[in-house]
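**Student:** Structure below; questions to follow.
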Amino acid sequence: MGKSDESFRDNLKLLAEIADLTENNELFDGGEVQVKITLEKDKYDSILRNFRQIDWKSEKFFINISNTSFKFVLKK
């Protein structure tokens with residue numbers, strides 16, 4: 001496994017931990033949590049490369065983990 005694969009898996013694990021924390025917190029009980037992450041083009045493309053089916057023209061994409069949605073947006 002290459003370094004980028006390990007790093008991406010570590011980042012996915014972090015997102016899963018964030019999702020778990022929000023879903024198990026009384027403050028967010030019963031709600032839907034959305035996290036917006038705005039990134040510069042190089043970082044956005046770096047994350048997007050980790051997915052097989054890619055729409056390179058898209059300026060946003062989502063990763064959903066349980067009831068938490070992580071929205072990645074290209075910074076303009």
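What follows is calculated from the coordinates using simple rules that are stated; it is not laboratory data. Everything numeric in this text was worked out from a predicted model, so none of it was measured. All Cβ positions, glycine included, derive from the backbone under ideal geometry; neighbour counts span all protein chains shown.
**Student:** So, Phe51, is that one in contact with a helix residue (DSSP H, G or I) (Cβ under 8 Å, 6 or more places away or on another chain) and surrounded by 11 or more Cβ atoms within 10 Å (Cβ to Cβ) or not?
**Tutor:** Taking the combined requirement at face value, the residue does not satisfy it.
**Student:** I'd like to verify a number: residues in the range 5-43 that are in contact (Cβ under 8 Å) with a residue 24 or more places away in the chain and of a type in the set (Lys, Arg), how many?
**Tutor:** Of the residues in the range 5-43, 2 are in contact (Cβ under 8 Å) with a residue 24 or more places away in the chain and of a type in the set (Lys, Arg).
**Student:** Another one. I want to confirm something. Restricting to the range 44-71 and keeping residues that are of a type in the set (Asp, Glu) and without any contact (Cβ under 8 Å) to a residue 12 or more places away in the chain, which single residue is nearest to Ser7 (Cα to Cα)?
**Tutor:** The qualifying residue nearest to Ser7 (Cα to Cα) is Asp45.
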